[in-house]
Amino acid sequence: AQSVTQPDIHITVSEGASLELRCNYSYGATPYLFWYVQSPGQGLQLLLKYFSGDTLVQGIKGFEAEFKRSQSSFNLRKPSVHWSDAAEYFCAVGLNAGNNRKLIWGLGTSLAVNP
Amino acid sequence: NAGVMQNPRHLVRRRGQEARLRCSPMKGHSHVYWYRQLPEEGLKFMVYLQKENIIDESGMPKERFSAEFPKEGPSILRIQQVVRGDSAAYFCASSRGGSTTNEKLFFGSGTQLSVL
């Protein structure tokens, strides 16, 4: 069965440090991959997505993610974290181009940023 | 420039009562989606609606749950005779066009339903 795993439930980093949030998926074909962020009191916001092409994807707010087929991973990175990045981050997998409501979602990683 | 608006933010009900969750999509959006996030589970699709039409309700529980998106006014997710297992965060999203994976979803901040 298709699944998405975010191994880290909670991560704390210091402001200015680098960040990597892990996402692994289980699916037989090349999936469509998404990262969303939910800041406190806000709705989910799309950070970036991968459909095809260059496996390194740039998103908003200085985030990037790299699709690694051999590792079935789509990890989210940021070189220098800001205090405003404290939020819940969700990885999601879309199984085909024709249906965005059938996304499979990870459980989320909660990010705390220390000053 | 309001985004997707959900209310209430928090809703507390006793077992057997009804819960009504409201979602106003972004201006210009005619497609609405409802998701549920149960404790320790990822977001799960429930229902997809366009104005006055239910397009896909494959994720809706068979009983007690219903959704509508009338010609005027917000979309409503209605849960009758709530049980403790209905306690969850309910998210609404909207999009301008159809439901292909290319279509960007805009999410509300959710309604946290607690059933006592």
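Does the range A:38-46 include one or more residues that are under 16 Å from A:ASN75 (Cα atoms) and assigned to a loop (DSSP other than H, G, I, E, B)?
So the first thing to find is which residues in the range A:38-46 are under 16 Å from A:ASN75 (Cα atoms), and the list is A:46.
With assigned to a loop (DSSP other than H, G, I, E, B) added as a condition, the list becomes none.
Checked against the condition, which is being under 16 Å from A:ASN75 (Cα atoms) and assigned to a loop (DSSP other than H, G, I, E, B), the range A:38-46 yields no hits at all.
Within the range B:52-75, residues that are within 14 Å of B:ARG36 (Cβ to Cβ) sit with their Cβ atoms under 6 Å from residues that are assigned to a loop (DSSP other than H, G, I, E, B), at 6+ positions apart or across chains, in these pairs: B:ARG64/B:GLN80; B:ARG64/B:GLN81.
In the range A:95-109, the condition of being more than 8 Å from every other protein chain (Cβ to nearest Cβ), modelled with pLDDT of 95 or more and either in contact with a Phe, Trp or Tyr (Cβ under 9 Å, 6 or more places away or on another chain) or assigned to a loop (DSSP other than H, G, I, E, B) (or both) is met by at least one residue.
Looking at B:GLY42, is it assigned to a loop (DSSP other than H, G, I, E, B), within 10 Å of chain A (Cβ to nearest Cβ) and buried (at least 19 other Cβ atoms within 10 Å of the Cβ)? I'd like the intermediate steps shown before the answer.
Numbers: assigned to a loop (DSSP other than H, G, I, E, B): yes; within 10 Å of chain A (Cβ to nearest Cβ): yes; buried (at least 19 other Cβ atoms within 10 Å of the Cβ): yes.
Taking the combined requirement at face value, the residue satisfies it.
Among the candidates B:VAL47, B:VAL82, single out the residue that is touching a strand residue (DSSP E or B) at 6+ places or on another chain (Cβ under 6 Å), more than 14 Å from every other protein chain (Cβ to nearest Cβ) and surrounded by 18 or more Cβ atoms within 10 Å (Cβ to Cβ). Just a single option satisfies the conditions, and that option is B:VAL82.
One line per residue, one yes/no per condition, for (1) without any contact (Cβ under 8 Å) to a residue 40 or more places away in the chain; (2) farther than 20 Å from B:LYS104 by Cα:
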{"residue": "A:PRO7", "(1), (2)": "yes, yes"}
{"residue": "A:GLY16", "(1), (2)": "no, yes"}
{"residue": "A:GLU20", "(1), (2)": "no, yes"}
{"residue": "A:TYR25", "(1), (2)": "no, yes"}
{"residue": "A:TRP35", "(1), (2)": "no, no"}
{"residue": "A:SER39", "(1), (2)": "no, no"}
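When the criteria are applied in full, B:SER30 meets the requirement of being out of contact with any His (no Cβ under 6 Å at 6 or more places or on another chain), away from chain A (no Cβ under 14 Å), over 15 Å from B:LEU113 (Cβ atoms) and hydroxyl-bearing (Ser, Thr, Tyr). Identify, from the list B:GLY97, B:GLY73, the residue that is of a type in the set (Gly, Ala, Ser), within 14 Å of chain A (Cβ to nearest Cβ), part of a loop (DSSP other than H, G, I, E, B) and surrounded by fewer than 14 Cβ atoms within 10 Å (Cβ to Cβ). On inspection, the qualifying residue turns out to be B:GLY97.
To keep it simple, each residue is scored yes or no on (1) within 14 Å of another protein chain (Cβ to nearest Cβ); (2) farther than 22 Å from A:SER3 by Cα; (3) at pLDDT below 95; (4) out of contact with any Phe, Trp or Tyr (no Cβ under 7 Å at 6 or more places or on another chain).
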position: A:LEU44; (1), (2), (3), (4): yes, no, yes, no
position: A:LEU48; (1), (2), (3), (4): yes, no, yes, no
position: A:SER52; (1), (2), (3), (4): yes, no, yes, yes
position: A:GLY62; (1), (2), (3), (4): no, yes, no, yes
position: A:ALA65; (1), (2), (3), (4): no, no, no, no
position: A:LYS68; (1), (2), (3), (4): no, no, yes, yes
position: A:TYR89; (1), (2), (3), (4): yes, no, no, no
position: A:VAL93; (1), (2), (3), (4): yes, no, yes, no
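Being over 11 Å from the mean Cα position of the chain (by Cα) and assigned to a strand (DSSP E or B) is the filter here; which residues of the range B:45-60 pass it? Scanning the range B:45-60 gives B:GLN50, B:ASN53, B:ILE54, B:ILE55, B:ASP56.
The values are calculated or read from the model by the stated rules, or taken from the named source; none is laboratory data. Note that the structure is predicted; figures quoted are calculated from it, not measured. Here Cβ is always computed from backbone atoms with ideal geometry, including for glycine, and neighbour counts include all displayed protein chains.
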